[in-house]
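See structure below.
Where a number appears in this text, it was derived from the coordinates with a stated rule and is not lab data. What you are looking at is a predicted structure, and each value in this text was computed from that prediction instead of being measured. No Cβ is skipped: glycine too gets one built from the backbone with ideal geometry, and neighbour counts run over all protein chains shown.
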Amino acid sequence: MEISYQASNWGYDSRAKREELFADEARYLLVYDESIQALHPLKPLVGFVHFRFLDDDGALVLYLYEIQLAAKVQRQGLGKFLMILLLLVAKKHGMELMVLTVFKRNAGAMRFYTERMGFKIDETSPSACRDDSQDYEILSKSIAKKK
């Protein structure tokens, strides 16, 4: 992610990133490689999801900060599984929206979120506000209410 941020309008600030990752509000789903021998006490971390529960002007939001998967576990359905799991977590906790930010140049991620996961460009996204100077989009998806 550091390379993506360095190439963006935002730049990369390691101190700010550390604060973001270790904030009290930060929540994680961790993915370990269970294929390693059972005798090995530490299973390697092969992915994680960083998210937070937010109140965004009265709307209850699960905000996806980042999803990271090691190359060896990509394109196997794990990303989709984690996104579905996050949507279920959001629904369970009464969230109204799931929101995320994606860099425009990350065409693969944009396709994944919009075409496979059903996210739309949010009304607060720069492009929705006719600001084409930004290199990111804010995507969102409504969470169905529990019946």
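Within the option set Lys91, Lys120, being of a type in the set (Lys, Arg) and within 23 Å of Tyr28 (Cα to Cα) holds for one residue only, Lys91. Do we have any residue at all in the stretch 124-135 that's in contact with a Lys or Arg (Cβ under 8 Å, 6 or more places away or on another chain) and exposed (fewer than 14 other Cβ atoms within 10 Å of the Cβ)? Within the stretch 124-135, not a single residue is in contact with a Lys or Arg (Cβ under 8 Å, 6 or more places away or on another chain) and exposed (fewer than 14 other Cβ atoms within 10 Å of the Cβ). Checked across the stretch 61-76, the condition of being basic (Lys, Arg) and either in a helix (DSSP H, G or I) or loosely packed, with under 14 Cβ neighbours inside 10 Å (or both) holds for at least one residue.
So for the stretch 39-50 (the condition being assigned to a helix (DSSP H, G or I), surrounded by 15 or more Cβ atoms within 10 Å (Cβ to Cβ), on the phi < 0 side of the Ramachandran plot and out of contact with any Pro (no Cβ under 7 Å at 6 or more places or on another chain)), does at least one residue qualify? No, there is no match, as no residue in the stretch 39-50 is assigned to a helix (DSSP H, G or I), surrounded by 15 or more Cβ atoms within 10 Å (Cβ to Cβ), on the phi < 0 side of the Ramachandran plot and out of contact with any Pro (no Cβ under 7 Å at 6 or more places or on another chain). When the stretch 125-147 is filtered for residues that are out of contact with any strand residue (DSSP E or B) (no Cβ under 7 Å at 6 or more places or on another chain), of a type in the set (Gly, Ala, Ser) and within 30 Å of Lys92 (Cα to Cα), only Ala144 remains.
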